[in-house]
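*Asks:* Mind having a look at this structure? Questions to follow.
The values are calculated or read from the model by the stated rules, or taken from the named source; none is laboratory data. Note that this is a predicted model, so its numbers are computed, not measured. Here the Cβ positions follow ideal geometry from the backbone for every residue, glycine too, while neighbour counts run over all protein chains shown. The area values use the complete protein model at the heavy-atom level, side chains included, leaving out ligands, DNA and RNA. Shrake-Rupley method; radii C 1.70, N 1.55, O 1.52, S 1.80 Å.
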Amino acid sequence: MNINKKILTVSVICLVCSYNLFSQNNYNSFVTQDTINVRNDTNDWSLIFYTPHNSHLCFTTTRPDTNNDKIIFSVAGAFTGQNLRDVVGNYIEQGVVKENKTDKETGFCVMYDNKVVIKPLNDSMNYYFNKAQQKKGYYFQQMMLLNDGKTVPCTIFRCQKPTFRRALAIYNGKAMVVETKNRMNVEDFAWAMQKIGIKYAIYLDMGSWSDGFLRNKDNEVISIGHLKQNTRYQSNWIEYRQL
């Protein structure tokens, strides 16, 4: 009788452990949100960091579904063309190449084998483009903001008023999304990221295309972004997906 009780107790403990492990596995892919303040002589800026956990980065032309719990983060990626349909610049989606007209883009981002590489277009682009194709990975073009810790001129926004900005950045060896809490010009945005210690950063479509969402550790969907008038015209997105 005592032996049976012991067996039953052990079985219950194992069942509880299995349930807890299953629950943790369901929610171990999520995004955390932190704010870092940057100060210079005359201005104080706040940057929001979206850090993914247990996920991999993708590029997609399929509008994201917030009901798909495999997607833990989504924001616009490359620019959308003036026809409000096409992605600006060449891209690769799951190894499939699509050639589009490039405008003034100066950098690229490539994703394959859980790696994320951000480089200027004139630095090993053909090599990484072929790698993404071979590995059934992802690739898109955008404006380079930081390269090896140095700011890269981004002249396309020079005549525009300050607005909300967003970038994909490599920080402490990890790819994450950085967003301004307030309106900034692009030079100040790049400088603020440089001040924090970010080495590589590439712009993400923003302004009135800023709609996005994240999934937190409680599996809740949180909407992000400020100006969203052109959201319905978005043609492409970057997504962090569960491993």
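Per-residue answers, yes or no, for (1) in contact with a helix residue (DSSP H, G or I) (Cβ under 8 Å, 6 or more places away or on another chain); (2) of a type outside the set (Val, Ile, Thr):
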| site | (1), (2) |
| --- | --- |
| Lys98 | no, yes |
| Gly107 | no, yes |
| Tyr128 | no, yes |
| Arg165 | yes, yes |
| Ala175 | no, yes |
| Thr180 | yes, no |
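*Asks:* Quick one: is Asn100 among the polar types (S, T, N, Q) and farther than 21 Å from Tyr139 by Cβ?
*Replies:* For Asn100, the condition - among the polar types (S, T, N, Q) and farther than 21 Å from Tyr139 by Cβ - is not met.
*Asks:* I need the full set of residues from region 137-171 which are in a loop (DSSP other than H, G, I, E, B) and either open to solvent by 50 Å² or more (accessible area, probe 1.4 Å) or of a type in the set (D, E, K, R) (or both), in order please.
*Replies:* Asp148, Pro153, Arg158, Cys159, Gln160, Lys161, Pro162, Arg165
*Asks:* Give the number of residues within region 158-168 that are farther than 19 Å from His226 by Cβ and either at pLDDT 95 or above or not basic (Lys, Arg) (or both). Full working, then the answer.
*Replies:* Within region 158-168, the first condition is being farther than 19 Å from His226 by Cβ, and the residues that meet it are 158-159.
Next cut, either at pLDDT 95 or above or not basic (Lys, Arg) (or both) only: 159.
The qualifying residues number 1.
*Asks:* Could you count how many residues in region 87-114 are open to solvent by 60 Å² or more (accessible area, probe 1.4 Å) and either touching a Pro at 6+ places or on another chain (Cβ under 7 Å) or at pLDDT below 95 (or both)?
*Replies:* 5
*Asks:* Another question, if that's okay. Could you tell me which of the residues Asp69, Asp123 is among the acidic types (Asp, Glu) and modelled with pLDDT under 95?
*Replies:* Asp69
*Asks:* I'd like the residue in region 192-229 that is in contact with a helix residue (DSSP H, G or I) (Cβ under 6 Å, 6 or more places away or on another chain) and more than 27 Å from Thr151 (Cβ to Cβ) and, out of all such residues, is most open to solvent (accessible area, probe 1.4 Å).
*Replies:* Gln229
*Asks:* Let me ask another. Restricting attention to region 40-58, which residues are touching a residue at least 12 places away in the same chain (Cβ under 8 Å) and more than 14 Å from Met176 (Cα to Cα)?
*Replies:* Selection gives Asn40, Asn43, Trp45, Ser46.
*Asks:* Residue by residue through region 172-184, note down the ones that are open to solvent by less than 50 Å² (accessible area, probe 1.4 Å) and modelled with pLDDT under 95.
*Replies:* Across region 172-184, the qualifying residue is only Met184.
*Asks:* Being within 16 Å of the chain's Cα centre (by Cα) and farther than 28 Å from Asn54 by Cβ is the filter here, so list the residues in region 77-126 that pass it.
*Replies:* The one that is within 16 Å of the chain's Cα centre (by Cα) and farther than 28 Å from Asn54 by Cβ: Phe79.
*Asks:* Continuing with the same structure: Do any residues in region 182-193 that are touching a residue at least 40 places away in the same chain (Cβ under 8 Å) have Cβ atoms under 7 Å from those of residues that are part of a helix (DSSP H, G or I) and open to solvent by 10 Å² or more (accessible area, probe 1.4 Å), where the two are at least six apart or on different chains, and which pairs are they?
*Replies:* Val186/Phe157
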